[in-house]
Amino acid sequence: MIILGIDPGTLATGYGIISSRNGKLTLIDCGAIRNNSDRPMALRLQSIFESLGKTIAKFRPDECAIETAFYGKNAQSALKLGQARGVAMLAAITNNVPISEYSPREVKKALVGNGAASKQQVQYMIHSILAMKNGSTRFDVTDALAVAVCHLHRMRTPKKSYTNWKSFVAAHPQRVSSNRKQ
């Protein structure tokens, strides 16, 4: 299974391609699509779309995982990030690659065990898991690889569905509050 992870951005879109065979993770390729801030937005988006399209054509991933938008205080930044996500998703879907989305918190939790982990902690774990040189990659690239590894973990651990409330409570007694009004 070959997975493409994407950390979208209009100035730097990180990507990472990993392979999982017989339980062994292998780094295939990684990098970033860089754009200058003085370049018109339409040309930045075109660059992301075309570069990811070439990467997908070259490595033929089976699945694509992309980080969801982080909603901060700046609406303009959120809009730009949404545009980068859109063209990245379009590049995958036009090449018939299924897409899954993960929040930054979910990715951090899958890699580090803490949804509030720092970028340095995520980078350290990616370097360890994929046997990369420490400090040899930028955050946008290690974030993209983290999204790919997160996707692989989620594929290996399918979510359990419950047929009724009683079965959920039986499986998770710690989530039930004993403070009930009578």
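The values are calculated or read from the model by the stated rules, or taken from the named source; none is laboratory data. Keep in mind that this is a model prediction, so the values were computed, not measured. No Cβ is skipped: glycine too gets one built from the backbone with ideal geometry, and neighbour counts run over all protein chains shown.
Some values worked out for this structure:
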quantity	calculated
Criterion violated by Y71 - all others in (1) over 16 Å from F139 (Cα atoms); (2) modelled with pLDDT of 95 or more satisfied	(2)
Failed item, numbered, when L25 is tested on (1) surrounded by fewer than 17 Cβ atoms within 10 Å (Cβ to Cβ); (2) part of a helix (DSSP H, G or I)	(2)
Test: L45 is surrounded by 15 or more Cβ atoms within 10 Å (Cβ to Cβ), assigned to a strand (DSSP E or B) and out of contact with any Phe, Trp or Tyr (no Cβ under 6 Å at 6 or more places or on another chain)	no
Residues of the range 54-83 satisfying the condition of being surrounded by fewer than 19 Cβ atoms within 10 Å (Cβ to Cβ) and either in contact with an Asp or Glu (Cβ under 7 Å, 6 or more places away or on another chain) or over 17 Å from D7 (Cβ atoms) (or both)	K54, A57, K58, F59, R60, D62, T68, K73, N74, A75, Q76, L79
Test: residue in the range 95-103 that is surrounded by 12 or more Cβ atoms within 10 Å (Cβ to Cβ) and part of a helix (DSSP H, G or I)	no
Some residue of the range 80-93 being outside any helix (DSSP H, G or I), out of contact with any helix residue (DSSP H, G or I) (no Cβ under 8 Å at 6 or more places or on another chain) and farther than 17 Å from P61 by Cβ	no
Pick from the range 104-129, criterion surrounded by fewer than 20 Cβ atoms within 10 Å (Cβ to Cβ) and closer than 13 Å to L27 by Cβ, ranking: farthest from the chain's Cα centre (by Cα)	S128
Residue list for the range 103-138, restricted to those being free of Cβ contacts under 8 Å to residues at least 12 places away in the same chain and either under 18 Å from I17 (Cβ atoms) or among the basic types (K, R) (or both)	R105, K109, K133, S136
Condition met for N35 (more than 16 Å from the chain's Cα centre (by Cα) and surrounded by fewer than 18 Cβ atoms within 10 Å (Cβ to Cβ))	no
